[in-house]
Amino acid sequence: MLVKTQAIVISSVRYQEKSLIVRCFTASDGLKSYFVRDAFSSKKNLQKIAYFQPLTLLEIEAIHKNKGSLEQFKEIKLHQAYEQIPTDIRKSTIALFLAEMLQHSIREEEPNSGLFTFLQTAFLWLDTHESVSNFHLVFLLELTRHLGFYPDVSERELPLFHLQEGVFTQQILPGTLNEFETEMFKKLIDLNFDQSAHLFHVSERQQLLKILVAYYSSHLDGFKKPQSLEVLQAVFS
């Protein structure tokens, strides 16, 4: 079936010497993987490899057989080119880290317009704003709304937060944040992208990032710690 849709690149992996396997989150079908034959075989194709960098926003025509195998692009073009993410070390590092988080988090092979709109809007915000030190923290927490494990805030007056249950509590149990960590987590819950500029110090930011990665690990089977985590921490240290 021929499909025309917007897509967000999640990852691209070189296959053998000349080809690529590209994973995208599409507006029409959710997560899809595509085989790009001979991507490295000519100058013309080499130019298109830039389209497959993490979080690139595309418009594609593709053949979807929907048989669990790799699909085929028929035509690709940029939906909207980023101006700063490719050249700003802070933003490109965030993009690499978030793409890896998405790779280990999104498993839906069906349309999810709310998630697609959130991702597209968030990445365009990242590209066009300067104060981005806490962007990835707000993003990861907001993403849990779409993944189904956003924290239950109905009893947020309680002093502790339990990662596995996703609830606030007053009981000290394995997997429970301490009071200081819980207070930081509550501050993060109250933020949106525009409010996050200077709220956390470096040490607090790094602690919150560890908490969020642990939170994802507690709620997603087979979740893997991103390899780019240490790079992100170094850039924002």
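The values are calculated or read from the model by the stated rules, or taken from the named source; none is laboratory data. Since the structure is predicted, the reported quantities are computational estimates derived from the model, not experimental observations. Note: ideal-geometry Cβ built from the backbone for every residue, glycine included; neighbour counts use all protein chains shown. The accessibility values were calculated without ligands, DNA or RNA, using every heavy atom of the protein model including side chains. Shrake-Rupley method; radii C 1.70, N 1.55, O 1.52, S 1.80 Å.
Any idea what % of Cα-Cα pairs in the chain are farther than 26 Å? The calculated P(r) of the chain puts 41 percent of pairs beyond 26 Å. Taking every Cα-Cα distance in the stretch 132-237 and sorting them into 5 Å bins starting at zero, the pair-distance distribution P(r) comes out as 2, 12, 24, 25, 22, 12, 3, 0 percent.
Calculated accessible area for the chain comes out at 51 Å² per residue, all protein chains present (probe 1.4 Å; ligands, DNA, RNA ignored).
Measuring against 29 Å, Cα to Cα, the residue pairs LYS32/LYS224; LYS67/LYS224; LYS77/LYS225 contain LYS77/LYS225 as the ones spanning a longer distance.
Placing +1 on each Lys and Arg Cβ and -1 on each Asp and Glu Cβ, with no other charges, gives the chain a dipole about its Cα centre of roughly 1160 debye.
Over all projection directions, the Cα-based convex hull of the stretch 44-136 averages an area of 7.0 nm².
Whole-Hz Karplus values for the stretch 2-13 come out as 7, 10, 10, 7, 7, 8, 10, 6, 9, 7, 9, 10 Hz, taken residue by residue from phi with 6.51 cos²θ - 1.76 cosθ + 1.60 and θ = phi - 60°; glycine and proline positions read x. A dipole drawn for the chain from +1 and -1 charges on Cβ atoms has a positive end, and of ILE94, PHE118, LEU57 the residue lying farthest that way is LEU57. Size descriptor for the stretch 85-160, Kirkwood hydrodynamic radius: 13.9 Å (Cα pairs only, one decimal).
Take every Cα pair under 8 Å whose residues are at least 6 apart in sequence, average their separation, divide by the length of the stretch 69-149, and the relative contact order is 38 percent. Cross-link partners for LYS48 among the aspartates and glutamates, with Cα-Cα distance under 12 Å and sequence neighbours closer than 8 places in the same chain left out: ASP38, GLU75. Counting protein heavy atoms only, the stretch 5-160 has 48 percent of its accessible area on carbon and sulfur, 1.4 angstrom probe.
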